[in-house]
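Below you'll find the structure, written out as structure tokens, and then a few comments.
The values are calculated or read from the model by the stated rules, or taken from the named source; none is laboratory data. Being a predicted model, the structure only gives us computed values, none of them experimental. No Cβ is skipped: glycine too gets one built from the backbone with ideal geometry, and neighbour counts run over all protein chains shown.
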Amino acid sequence: MQKFYETFHELVKKRVEKYNAFNVFGEDSIRYDFAFTAVNTYNLTSIDVILEQPMPKTQFINQIQINNQGQGRKNKKPEFDLRIDPKNKLKQGIIAEFAYFRRTAISKNQARPKNHGKILNDMFRLALLKHYTNEENDTLYSDFSKYKCLLVCVTDDEMIDYGIGGRNNTVPIQVDYPSIDSAFLNTLTITSNKQIQPMFKDKLTDLNLIVNAKRVFCKEEASTINLPKWVTWIWEVDYSIIK
């Protein structure tokens, strides 16, 4: 899939170059670029792409929260960003989560440990989706164990630098995550750990699963007069069973 990843990156690059800025569009535009690339690469149509689908109810621990208006309680129903089923040239389905980190007009500094925690939370979510085999034959879903589960991150130079070496003795974003277990999580800041939602973390514990992820794509663009350097990172997420 390297050609697909490269084509996606080049499309994001065209978007960045058109606006000559990162803060005039958001994460939804990155999702659209990915979906558009998939449609053209694999001879799909727009209806072959699902955006923001609820997770199967078996893949998280249902949590009750109080309504912000104080009008009783409601269930928290998590969603995942993108799903594309196998079809035509796409032999293996794709499940994807997206992260888009950059300076904004309001804030010139990014919450780096917080963003790292958000990446890990998405990896937890993807590992649970990878584990889903649709044993109940739910017509809304498929056997996601046969899909590629991808975390797609586009970020500017501040997160790149954090990713390379970390700052203030914090754990940097990793090239690979061979085992995101409790020992690894204990090395992170409190801020990072707060981003990992119990509905996913506890479900993985119940299933005796450990998340792992391997970076399968990395393409960095050099800085220009108006733009900082930036990068596309893609990890493929899986899990292992605790024996």
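Residues of the range 1-39 being without any contact (Cβ under 8 Å) to a residue 12 or more places away in the chain and either in a helix (DSSP H, G or I) or among the acidic types (Asp, Glu) (or both), which ones?
Residues of the range 1-39 that are without any contact (Cβ under 8 Å) to a residue 12 or more places away in the chain, as a first pass: 10, 14, 17-19, 24-25, 28, 32, 39.
Result: GLU10, LYS14, GLU17, LYS18, TYR19, ASP28, TYR32, VAL39.
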- Can LEU128 be described as at pLDDT 90 or above, buried (at least 22 other Cβ atoms within 10 Å of the Cβ), out of contact with any Pro (no Cβ under 6 Å at 6 or more places or on another chain) and outside any loop (DSSP other than H, G, I, E, B)? yes
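Would you check if there is a residue in the range 146-168 being within 23 Å of ASP48 (Cα to Cα), hydroxyl-bearing (Ser, Thr, Tyr), modelled with pLDDT of 95 or more and surrounded by 14 or more Cβ atoms within 10 Å (Cβ to Cβ)?
Yes: the range 146-168 contains one or more residues that are within 23 Å of ASP48 (Cα to Cα), hydroxyl-bearing (Ser, Thr, Tyr), modelled with pLDDT of 95 or more and surrounded by 14 or more Cβ atoms within 10 Å (Cβ to Cβ).
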- Message: Out of everything in the range 140-163 that is without any contact (Cβ under 8 Å) to a residue 60 or more places away in the chain and among the acidic types (Asp, Glu), what residue ends up being nearest to CYS218 (Cα to Cα)?
- Response: ASP161
- Message: Just to verify a result, which residue in the range 191-233, among those that are small (Gly, Ala, Ser) and closer than 15 Å to ASP181 by Cβ, is surrounded by the fewest Cβ atoms within 10 Å (Cβ to Cβ)?
- Response: SER192
- Message: Please count how many residues of the range 193-215 are out of contact with any Leu (no Cβ under 7 Å at 6 or more places or on another chain) and part of a helix (DSSP H, G or I).
- Response: 7
- Message: Being surrounded by fewer than 19 Cβ atoms within 10 Å (Cβ to Cβ), farther than 12 Å from MET123 by Cα and either modelled with pLDDT of 95 or more or charged (D, E, K, R) (or both) is the requirement here; does GLU236 meet it?
- Response: no
- Note on the structure: Checked the range 45-98 for anything at pLDDT 85 or above, within 21 Å of ASP206 (Cα to Cα) and part of a strand (DSSP E or B); matches are PRO54, GLU79, PHE80
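Return the total of residues in the range 175-192 being of a type outside the set (S, T, N, Q), assigned to a loop (DSSP other than H, G, I, E, B) and in contact (Cβ under 8 Å) with a residue 40 or more places away in the chain.
Going residue by residue through the range 175-192, those that are of a type outside the set (S, T, N, Q) are 175-178, 180-181, 183-185, 188, 190.
When the remaining residues are screened for being assigned to a loop (DSSP other than H, G, I, E, B), the result is 175, 181, 188.
From the residues that got through so far, the ones that are in contact (Cβ under 8 Å) with a residue 40 or more places away in the chain too are 175, 188.
Number of matching residues: 2.
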